[in-house]
Structures are given as structure tokens and as C-alpha cells.
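Asker: Once you've had a glance at the structure underneath, I'll fire off some questions.
The values are calculated or read from the model by the stated rules, or taken from the named source; none is laboratory data. Owing to the predicted nature of the structure, the values given are computational and were not obtained by experimental measurement. All Cβ positions, glycine included, derive from the backbone under ideal geometry; neighbour counts span all protein chains shown. Side chains are part of the model used for accessible areas, which takes the heavy atoms of the whole protein and leaves out ligands, DNA and RNA. Shrake-Rupley method; radii C 1.70, N 1.55, O 1.52, S 1.80 Å.
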Amino acid sequence: MSVTSHRRRVGKRPAYPISVLAVAMATGLVMVLGTSVATVSAASGGVLSPRRVGEAPAPGRAVRLGRLAPSTAMHVDVVLQPRDPAALASYAADVSTPGNALYRHWIAPGQFAARFGPTPAAIRAVTASLRSAGLRVGQISGDHLSLPVSATAGAVARAFSLGFNRYRMPSGRVAYANTQAPLFADTIAGYVQGVIGLDSLYRPQRLGLQRVRLTHSLRSSAPSPHSDTGGPQPCAAAKTTGAEDGAYTADQLASSYRFSSLYGAGDEGAGITVALFELEPNLPTDISAYQSCYGTSASVGYTTVDGGAQPGTGPGEGEAALDIEDVIGLAPKAAIDVYQGPNSGTGAYDTYNAIIGADKAKVISTSWGLCEPEAGSSTISAENTLFEEAATQGQSVFAAAGDSGSEDCGDGDDSLAVDDPASQPYVTGVGGTEMTALGPPPTQQVWNESAVGGGAGGGGISSSHVMPSYQSGAPASLNVINADSSGSPCGAASGSYCREVPDVSADADPYSGYVIYYDGSWTAIGGTSAAAPLWAAFMGLTDASSSCGGEAIGFANPALYRAAASAYSADFNDITSGDNDYTGTNDGLYPAGTGYDMASGLGTPNGAGLAGTLCGEGAISNTVTVTNPGTQTTTMGTAVSLQISGTDSGGLALSYSATGLPAGLSISSSGLVSGSPTTAGSSAVTVTAKDSTGASASAGFSWVVNAQSGCPAAQLLGNPGFESGNKIWATTPGVILSNAEAAGVEVAQAGKYFAWLDGYGIPHTDTLSQRVTVPVQCPTATLSYYQHIDSTEHSSAAVDTLKLEVLNSSGTVLQTLSTYSNLNANSGYKLITVNMSAYAGETITIKWTGVETDIGAGTTDFCIDTTAFNVS
């Protein structure tokens, strides 16, 4: 069969019909990503109407300096939509909500892209369009949500039909910004959330404030007592600094917030990993000095993102040191992963993506933020998807709510605003208090040092997010919906409200702050950036506690509001004094009050009660059933394909195992029994199905294998022509597809389905494999298949390859049967046959692996169809 080479793999929905695209590019009538005029599609008879995605930033009080030089190097992220945003949001809420059947049923590590990421067709379409517009596309992120793009400003401007201006910011810094939102063809605009990095006007700010010693005292300077909490104890130097500056050491904070009961039960966070988001470096020697003082040996590792924190910033400004030491002092046996990225256009998003995509830390803390009006809708939307991803994976995220009170944008802007990402619906926003006596319970009020310019805890009403159900569904006694609630800032529907911030709080006033070791000496520091890692440390202790048994709480807000509704006084310290109107221009918004308020949230933690309450929420017990397939009778050497089925009352996926299967048969985790029995006899088989909560069920049956002389001629592969779709074969996502899904760019050799490896035009690996048991009595075995290769690579070297291998049952490669590359491109399908007689009597896996390197700046498609494994 002859196949026309279309030279660009775009999957289910190509950016444009290929013939139209070729004509349009040749005549200069259209750009792939966007165009200022509609382009008529001859193939469809309709009009492709390009549309802009996102928005252009408002430069505010910045002074325009002129156009940005077209030669300026730019790095942007094209952020893709998840395949079903509603399904993702629903699952993120369900797994985080106590009482839901899916509560704490996190998806397995590495499964997000396949389950919720954009479809392979969407990725191909957007990638092809970006490359065709002259942009260089890097490796897609692990969750498949972000495509990094590099080009000059001129190339980016042409590709997205926009311009760039330079501005002088009020601080004197020179920045640039796009004049319009990026333009995309209508066929791919729906796949895109936005483009991050098109401007440099605003950057996330660290939310920590170093204490400035005053000639007068803001509160009693009498030394606070130290008590043996059972946790780390400070050295004399740390105690002295605390007494001189009126700040607290880790043991005092732990005592005040009643972490002592957790320490007394032997819980210091062992087995839990806390990830810290940082956009500045720190001195490892500072951390070592702190640990030496407290006698701790916490594991602290560093991961750099996009080259790490920007060079030339020395030890930073104390933010990273504060975050790391805060967690060490309160959860000394937790492992700490410090993620350091640049404070650049894409640095913050890429760093969050790296933390969440790795899915190693179940607790995440960030002490960096930007007020919502400056963060921009594209960034806020893209972050929201990332934090939904974190929720599905059981990750708790704590974010500082800001240090400029209810007027979060600061710098003379008196308008009400809250901080991103603390305002994100899937993030726990942490506000600030001033603690004037340790207690316990501590004596606290809302942090607001407007009199001396010392900062105030952030909080208020989001202009970007509607009120999530854990707030709107809270009982009236908590006062979440109160006289200051509103639906106007976020444009909520009539009768609904906007998201309120913060959710919780902790000591943040630098004048009742935290004693840390920074830049070679002890000092006192505060800010909500200290309160966020305190809560992260508490969550690490909670996850590691005997009550939770090492099971993560995950996204904490639904459980926190539920705990407050059921046992408020036992789990929280209520803050009822003060407000966070830092500038004094907003009539004292927002005042503290009984229960919830937008200055202190639900209050500060009472660790002795709250940890047990959060752990005790638990998951609903599920029931698993397995359908008994009945007695099975087969003949030795004959291929078997038996699907075991089961159900789970919670709707969870089941993992299958079996004992007693006849020799030559095995069961996959999805419940498919396959292979060819090699020995005659009767076996007692037990199959078991288990869900992620540990609930399981089994079924037992007999399996009789009859002897047969000679070799029964047979074809051993299941679904050999792929006509049953993506069944039996093990593949990476998007490999087996129909002619319709491929949009005619590639087609099957026969029938409607085929296997298509690679063709993305970016560094990528695809695999296709199936396990086969070769009867021992069959002297002849042959593997055959049809293969077709398309390539537009510009390299004369073999830069994209397709390898066929044989693996044993343990996954070890026994033999490489063949290797093809872009140099073997052909105009149609070619029949390939391989002698497999050497593997008689063995259970093997045949596996194709396609690898694209992107070295030649082109694409290579490897197509396979009509396979057969014949024995005789």
C-alpha cells in the first residue's frame, strides 16, 4: 500500500489542513499561530478565525521608553489546557474533601500526564504550529502542561502578532511588556491556557522582613521562657539574640503552638519530604551553623530549575535561610528539598512545575508572591492547574499571604488586593499575627505594624477566584460569609461570593519574629514568609504522626475548615483583635473577629488537637468484588487471553495479581491473563484485586491444561492489526490510533488502526510492546510486521531511531533485532520479517522503541501495522 508523506505529525486535530497550510505559507498569506486576517480553508469551506489568548499586562505607573530591540533573546512557556479541565477540578476537589468516596485516593506518581494532561493530538498540533512559526520548542514538561519556547523578541512578535515596548518602572528597573495578548489560530487556541514570559514588568516578591532594632520597645522586652518541648533545643547564641530582639527560637514557637505532644509521641517528621520554593540562593554554611546550634542533622538537598537562582545575588536576602531553618527547627527529621529557580518571566512557573511534577514532596511551602492585579490572568490560570495537579497527587501547598496587609500591591497603591498564589483555591494561604506572650495558649493579635512601617498580614477578597466549596459550605458559626464578603471583585454569580484569604495564620511580626542564622550571624526576621513554612512543618509532623500513619493529608483546606466546624477551640487559637488595613485608607478592613476573618483566617494551630483531627478524617472504607471466571480448560502451547474483571465501590482503579497460574501464563496489573501454557496438568488459581486504599477481594478457580503432541500452528499476538484500539499492547500515550484520529497525516497499512511512534518534532520517546510465550514444541517462529517511515530531518546522520528488541520476563534486553532511523524513510509500508525460533519455550517481550532527538530540527514518523508472531 502506498502512503503519502505529509511530513508533519499533528494528530487528531491538525493546526490547519496540510494542503491549505502549504499554499498559505508559500503565498505569505498566513502565519501558523495567528494572523491579522481570517484565512479561508478550501478543504473545509469555512473560515478559520484566529483569537487572542490571555491578556496584555497593564504597565501602571511605568514610563514607556520605546520599542524592545527585535534581537532580544526571549524564553517563554506556552501553557496547555488539561484535556478535561472540569474533570481535573472535580477530581482535585473529591480527593481532598473528607467524606467523599475518593478522599485521599491520590493518583500514582507519574500518572498525571496520561490521565489529565492534554491529549497527544493537542500537543502535536500546538508544537507543529510553534515550530512552523519559526520558534524553537524544547522538551515538554513531565505533566505535559508546558512547552518551553526560545526565540528572539522579533520572532515571538511575528509568531504571536503582537509588539513589545520597554518601560522604566518606578523602582528604576527597565522592563518590557507585550502590547497585545498572543494570537493563535482557532484550531489550536482551545488547547492553550496562555503564554508566560512575554513581559518582565512584575516579579514575585519575597515575603520576609528582617527586624530593625528601634530605640523604643514595641512590646515587653522581658526574655521569654524556654522549655524542653521534646524537640530541638537552641544554643546559647540563639537564645541571646532572641532575648535582645524580642524574637522567638524554634522551641518557643513549638511550645506556643503545642507541637510538644507530637514530639512526645516520637514524631519529628521522619519519612516526610518538604519542598521549598525559592527564587534566591542561600549559604549552605548558614544552614550548617543553625543545625549545629540545635543539634539536628536534617537532610537538605537542592534542585536547580532553569539554571537556578540568578547569579550575583550572593546569599539572598535571608528568605531561603528563613524557610529552611524554620522547617528544620520545627520538623527536624523531615527531608527538605530546596528548589531554586530564577526570578524571571518563566522562572516562578517552571519552579512550581518542577516541584509538583516531581511528586516527591507531600508538603510544599512558598514564601514568594505577587498581588493578583500584577500577576496577570494567564499566570494565575496556569498556576491554578498546577495546584489542582498537586491536589490530585496528595500534596499540601502553603503560601505566604503577603506583608502589605489588605493593600497587597503596596508601593503607594491603597487599593484592596490579595496575594497570588496564597489566593489560589488549591493553596492554603497563611496570614500573620503578632505574638506578645507564648502561653500556651499564646496571646496574639493581627499583625499590623503600620505605625513603624513594619508590615501587616495579607488578606481580603480575591479578584480572580470564586469562593470554593470548603468556604461557601462552612457553617454560619465560623463567619466565613460575613458582612465584608463580596462577589463583586471576582465577578461571581448573583448570590455567590469570591475566594477569601487567608485560610490560617501564625506569628509573622518581625518584632515578635523568628531567630535564624543568616549571612554568618544570628538575627531576627518575620513576615508571612515565616508563617508559611511553620505551617508546612506542622503538616509534615501531622503526616508523619502515628495518627496518620505516614498517610498524607494532601490539600488541607477542606479538612481544615471541617476541623474548625467540628472542634474549633480544641484545634485553633482564635484571633479576635486587630485588622490588616496597613495604609489606614480602607476603613479598618479587615477586622479580626470570632471564628474566621480575612485578617487571620481560621487562626493559628493548636497542634495537640489539630493533627489528630486532620488524621482522623480518614477515608471511607471501600468494597471490592471480583467476578469468578469459572473453570478454564486450554491446550498446551495455545495462546491464552482471559480478562479478569472486578468492581470497586469507590470507583477506584483495581490492581490485579494471581497465584497458581499454569506455567507459561501471567497476569497484568489490569487483570489480563495471557501467554501460552507450557505444561499439562491442573492448577488451583487465585486472582486478587486491590484498590489504592488496601481494600481487596479474591476469586478461586481451576485451570486444566491438556497435553498435545506436535506443534499447533498459531499466531500468538493479541490484537495484531490494532483494530481493537489500544488493547493488549503496552504503549506510551497516543501510539495506537485510527486513521480518523491521525487526520490522514498517516494511515494504516490495512484496516482503520495502526501504531504511530514519534513525529512530535521535539525530544520524545514512544514505545510499543507485547509479551509472548513461544511453545517449546514449535521449531519455527517468525515475527512479521509492516513498517513505514516518514522524515523531514535535515541531518544526514541517524538522529531519530526505531529499535526492535527482545526482553525476558524480568525486562532485561536479550537481543536487539533491528535499528532503523530517519535515513530509512520510505514512500510506503514495507514488510519486515524476523526469525524468532531461538526463543522456543520462553516467555519474551517484543518491544519497539522510537526516539526523536530534535537534533535535525525536523520530524520522523515511525508507523507499524499488521503484526504477526507465527509458530509451526
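Asker: What translational diffusion coefficient, to the nearest whole µm²/s, does region 787-872 have by Stokes-Einstein, given a Kirkwood radius computed over alpha-carbon pairs, a temperature of 37 °C and 0.692 mPa s viscosity?
Answerer: For these conditions, the coefficient is 230 µm²/s.
Asker: Output the relative contact order of the chain, whole-number percent, from Cα pairs under 8 angstrom with separation of 6+ residues.
Answerer: Over the chain, the number comes to 12 percent.
Asker: For region 750-795, state the average projected area of the convex hull of the C-alpha atoms over all orientations, rounded to one decimal in nm².
Answerer: 5.8
Asker: What's log10 of I(q)/I(0) for region 303-356 at q = 0.13, 0.21 Å⁻¹, Debye sum over Cα points only, no solvent?
Answerer: Each listed q corresponds, in turn, to -0.36, -0.85.
Asker: If you build the convex hull over the alpha carbons only and average its shadow over all orientations, what do you get for region 409-535? Give it in nm² to one decimal.
Answerer: Answer in nm², one decimal: 9.7.
Asker: So which lysines pass the test for Lys752, namely a Cα distance under 20 Å, with those fewer than 8 places away in the same chain ruled out?
Answerer: Within the straight-line limit of under 20 Å, Lys752 reaches these lysines: Lys12, Lys727, Lys830.
Asker: Something else now. Per-residue HN-Hα couplings for region 792-807, Karplus 6.51 cos²θ - 1.76 cosθ + 1.60 at θ = phi - 60°, whole Hz, x for Gly and Pro?
Answerer: 10, 4, 9, 8, 8, 9, 7, 8, 10, 10, 10, 10, 10, 10, 10, 10
Asker: Based on the Cα gyration tensor of region 648-737, what are the three equivalent ellipsoid semi-axes, each the root of five times an eigenvalue, rounded to whole Å and given largest first?
Answerer: After diagonalising the Cα gyration tensor, the semi-axes are 27, 23, 8 Å.
Asker: Right, another one. Along the charge dipole of the chain, pointing to its positive end and built from +1/-1 on Cβ of Lys, Arg, Asp and Glu, which listed residue (Tyr470, Ser521, Thr843) has its Cα farthest out?
Answerer: Selected residue: Thr843.
Asker: Report, to one decimal in Å, the Kirkwood hydrodynamic radius for region 139-179 based on all distinct Cα pairs.
Answerer: Value: 12.4 Å, from the Cα pair sum.
Asker: Right, another one. Rounded to the nearest whole Å², what accessible area per residue is found for the chain with the 1.4 Å probe?
Answerer: Per-residue accessible area for the chain comes out at 35 Å².
Asker: Normalising by the residue count of region 717-862, find the relative contact order in percent from Cα pairs under 8 Å and 6+ residues apart.
Answerer: Relative contact order for region 717-862 comes out at 32 percent.
Asker: How large is log10 I(q)/I(0) at q = 0.12, 0.13 Å⁻¹ when the Debye formula is applied to the Cα atoms of region 724-872, each weighted equally and without solvent?
Answerer: -0.50, -0.58
Asker: Less than 26 Å apart at the alpha-carbon level, and either on another chain or at least 8 residues along: which lysines does that give for Lys360?
Answerer: Lys333, Lys690
Asker: At 1.4 Å probe size, what's the solvent-accessible area of Ile461? Round to the nearest 10 Å².
Answerer: 20
Asker: How much of the accessible area of the chain, probe 1.4 Å, is carbon plus sulfur, in whole percent?
Answerer: On the chain, the fraction of accessible area on carbon and sulfur atoms equals 50 percent.
Asker: Considering only Val338, Ser676, Asn479, whose Cα is most displaced toward the positive end of the charge dipole of the chain, charges sitting on Cβ of Lys, Arg (+1) and Asp, Glu (-1)?
Answerer: The residue sitting farthest along the positive end of the dipole is Ser676.
Asker: Another question, then. If you average the alpha carbon positions of region 141-203 and of region 355-414, how far apart do those two centres end up, in angstrom?
Answerer: 20
Asker: I would also like to ask the following. When the dipole is taken about the Cα centre of region 227-313, and only Lys, Arg (+1) and Asp, Glu (-1) are charged at their Cβ, what size is it in debye, to the nearest 20?
Answerer: Once rounded to the nearest 20, the dipole reads 180 debye.
Asker: Please give the per residue volume of the convex hull enclosing the alpha carbon atoms of region 479-530, rounded to a whole number of Å³.
Answerer: Normalising the Cα hull of region 479-530 by residue number yields 109 Å³.
Asker: Could you state the number of Å between the C-alpha centres of region 769-801 and region 227-296?
Answerer: Here the answer is 58 Å between Cα centres.
Asker: Show log10 I(q)/I(0) for region 239-365 at q = 0.18, 0.19 Å⁻¹, two decimals, from a solvent-free Debye sum over equal Cα scatterers.
Answerer: With one equal scatterer per Cα and no solvent, log10 I(q)/I(0) is -1.01, -1.09.
Asker: Given that compact globular proteins tend to follow 2.2 N^0.38 Å, what is the ratio of the alpha-carbon Rg of the chain to that value?
Answerer: The value comes to 1.05.
Asker: Once each part is reduced to its C-alpha centroid, what is the distance from region 415-466 to region 803-862 in angstrom?
Answerer: The two parts, judged by their Cα centres, are 59 Å apart.
Asker: Figure the gain on full extension for Ser837 and Thr635 (residue separation times 0.36 nm, minus the Cα-Cα span) and round it to one decimal in nm.
Answerer: Difference between extended and current length: 70.7 nm.
Asker: Also, I was wondering about something else. If DNA, RNA and ligands are ignored and the probe is 1.4 Å, what is the ranking of Val174, Val53 by accessible area, most exposed first?
Answerer: Val174, Val53
Asker: Here's a follow-up. Which residue, Leu716, His794, Leu279, has the largest displacement toward the positive end of the dipole of the chain when charges sit on each Cβ (Lys, Arg +1; Asp, Glu -1)?
Answerer: Farthest along the dipole direction, towards plus: Leu716.
Asker: Taking the Cα centre of region 96-209 as the origin, how large is its charge dipole in debye, to the nearest 20, when only Lys and Arg (+1) and Asp and Glu (-1) carry charge on their Cβ atoms?
Answerer: The calculated dipole for region 96-209 is roughly 340 debye.
Asker: Mean shadow of region 421-467, computed from the convex hull of its alpha carbons, in nm²?
Answerer: 4.7
Asker: Highest first, please rank the peptides 253-259, 768-774, 86-92 by the mean number of other Cβ atoms sitting within 10 Å of their residues.
Answerer: 253-259, 768-774, 86-92
Asker: Follow-up question, since we're still on this one. Å³ per residue of the Cα convex hull, for region 485-598?
Answerer: Hull volume over Cα atoms, normalised by residue count, gives 177 Å³.
Asker: Next question, about the same structure. Per residue Cα convex hull volume for region 345-384, in cubic angstrom?
Answerer: Enclosed volume per residue, from the Cα hull, is 77 Å³.
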